[in-house]
1. How compact and how long is the range 309-390, expressed as Rg and Dmax of its alpha-carbon atoms in Å?
2. Along the range 124-130, what does the Karplus equation 6.51 cos²θ - 1.76 cosθ + 1.60 (θ = phi - 60°) give for ³J(HN,Hα), rounded to whole Hz, x for Gly and Pro?
3. For the range 227-298, what is the largest minus smallest coordinate of the Cα atoms on each principal axis, given in angstrom and ordered from greatest to least?
4. List the GluC sites (Glu not before Pro) within the range 260-360 that DSSP assigns to loop and that have no more than 16 neighbouring Cβ atoms inside 10 Å.
5. Hey, how many Å between the Cα centroid of the range 323-357 and the Cα centroid of the range 49-99?
6. How large is the dipole of the range 72-179 about the Cα centre if only Lys and Arg carry +1 and Asp and Glu carry -1, each at its Cβ, rounded to the nearest 20 debye?
7. Could you give the spread of the C-alpha atoms of the range 229-375 along their three principal axes, from largest to smallest, in whole angstroms?
8. So what's the net charge close to residue 221: Lys and Arg +1, Asp and Glu -1, counting the other residues with Cβ under 9 Å from its Cβ?
Amino acid sequence: MDADVPTYDDEGGRQRSPEPDVDVRDAPVDANAPRDPSSTAPPRPADEVDSTTITTDDARFLIGAKGATKRKLMRVSGARLEITAIEGDAAEGQRLDISGSAEARAKAKRYVEWVLRQRVGKIIVDTSTVMEDVSVMEVPGDCTAYVTGKAGQGLRRIEADNGTLLFFGKPTTDPEDAPEKLIICGDRKGRRGSELQVMSSIERKIPGTFVDEEKKLKIRFEQPGDGLGDGWGFDVWPFANEEELSFAVGREGSTRRKIAKASGCSFEYVGMLGIMTGDRDERARCWDYIRWLLKQQKGTLGTDISFKDRNDVTVFPCKSGFGGISRIYGTGGATLRLIEQNTGTFCFNIPDPDDEPEKELVLIFSHDKGARGRARDAMRDVLNGHRVSANGGNGGQQRCYDFSVGRCRRGNSCKWAHIVPPGPPGPSRGGDRGRGGDRGRGGPSRGGGPRRDDRKPYSRLNDTWGAMADRLG
C-alpha cells in the first residue's frame, strides 16, 4: 500500500480518486443512426462442460452446509457446478461437471482448487501474473482472527454481502517467511466492497491504520480494475463527529446498507470516513443521499431539493397528518423504514413546493426504477389499510379493523380483541358480559357459548327496592 496519496479535495473536504477529464461514456451517441447488420451478436453457442473426478470427502466439502459453498462458487465464477456419483466406482468417486463460458469455467476451476486445498493445508496462490478477478490484501497479524470471526463467520458475512470468495492464502510472489494475505475473488465492485468492509474492521481494531488525524485516507487503492479511465473511482465523506457517524450508520448498519443499495454504490465506513466506490453516477447519487440524510438529522431538510430533473426519483403525493404521511411513517418511522428495507430505496418527505395546503410529497430515491415502483405501491397499500411485512415489499397482511365503519372485517374469525365504544344501556348489556356478547366484530362472541334457554336476562333495576327487588319478586 502506497502512503503517498494525491489530494483531490472538493466541498466538505471531499477526497476523490484521480480520474481523466474525458470519459469514454460521454461521447455523443446518435440514437436514430441505422444499426449495422454486421454488429448483430451471433447466437450464443451451447455451454461446454469440463469434467473431473473428486473424492466423496471433497464433494461434501465442496457442497458445504445445505449447498452454501457450491452456490457461492457458482455465484462468484458465473459457471454451473454439478456433482454426481460415478456408478460402479468402488471408491465411491464423484464427478464434478463445470459448465459455462470459457472464462467462467477457468474461474470456477481455480476457485474449486483453492477451496479444496483448505482441507489439507495452506493455499498457494500464483500471483506471478495479474488476475482481473483476484485482489490481494494485507491484514495485520493482530487482526486476522478478528476479521475471520468465530468459525469463519466474519468472512462468510462479507462474502454474502458482496458476492465474493474470501480466504487467507500464500502469494507466490511473497518471501517464504511472509505471513498469509487475504485473497478476495469476484467482480470489481464486489471485491472493493469486501476490501472496504475488511478495512472497517481493521480500523476499529487498530485506529489509525487507514485514516490519519486529519481525516484523510492514508492508502492508495491499487487492485485489478483501478485506474482504467472508465469513470470508476472513489469518493470520501469525512464526518464531523461521532453523532453524525452514528446517525449515518443506523441500527446494526441498516442506514448504510440502505444508502448503498439505493445508490448502487459500494459504501462503507472506515473510521470517521465514509468511502463510496463505483462509477461517477453511482458516487454522485451516494453523495447526495448522505448529504440529505445528515440534513434530516439537523432538521434543515427543506423544499430546496432539486428533484424534478433527476432520473433516480419517484414522487408520491399524499395528504398531511393522520391517514396520510403519518400512516406511511408508522410508529417511530417503523413502517417507512420497513418499506425502504424491502425495496432498496431511500425515502423522505418534504412539503409541497407549490404550497398546496395539507399536502406532502414523499420522494422515493433509487437507481432502480422497479424498486421505486415497488416502494410507491407499498405506500399506496399502507394508505389503503394494509400492513407491511418484513419479507414483502408491497403490502402484506391487511388490517383487520376498519376504522371507517367501526368494525372488524373478519367477524368471528378474528383472534384480536378490539375496543368497543360504550353504547346505550339496555337488556343486551346486562349481566351477560362474562359470556361475551357483541364485541364489535360483526357477530356474536365466541367467549362463553350460546345462551341457555331456561335462563332469563335480568330486567331493568327497580329504582324503589334496589338491585335485589327483581330477583326476590
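1. Reported Rg and Dmax, both Å: 12.0, 35.
2. Result, ordered by residue: 9, 10, 6, 10, 5, 10, 6 Hz.
3. 37, 21, 21
4. Details: sites: 268, 282, 340, 358, 360; in loops: 358.
Of the GluC sites (Glu not before Pro), the ones in loops of the range 260-360 whose Cβ has at most 16 other Cβ atoms within 10 Å are 358.
5. Comparing the Cα centres of the range 323-357 and the range 49-99, I get a distance of 48 Å.
6. Details: 15 positive and 17 negative charges, 67 e Å.
In total the dipole reaches around 320 debye.
7. The Cα atoms of the range 229-375 stretch 47, 33, 28 Å along their principal axes.
8. Details: positive: 192, 220; negative: 195, 222, 226.
Charge balance near residue 221 sits at -1.
Rule-based calculations on the coordinates, nothing more; no lab input. The structure presented is a predicted model; accordingly, all values stated were derived computationally and were not measured. Cβ: placed from backbone, ideal geometry, glycine included. Neighbour counts: every protein chain shown.
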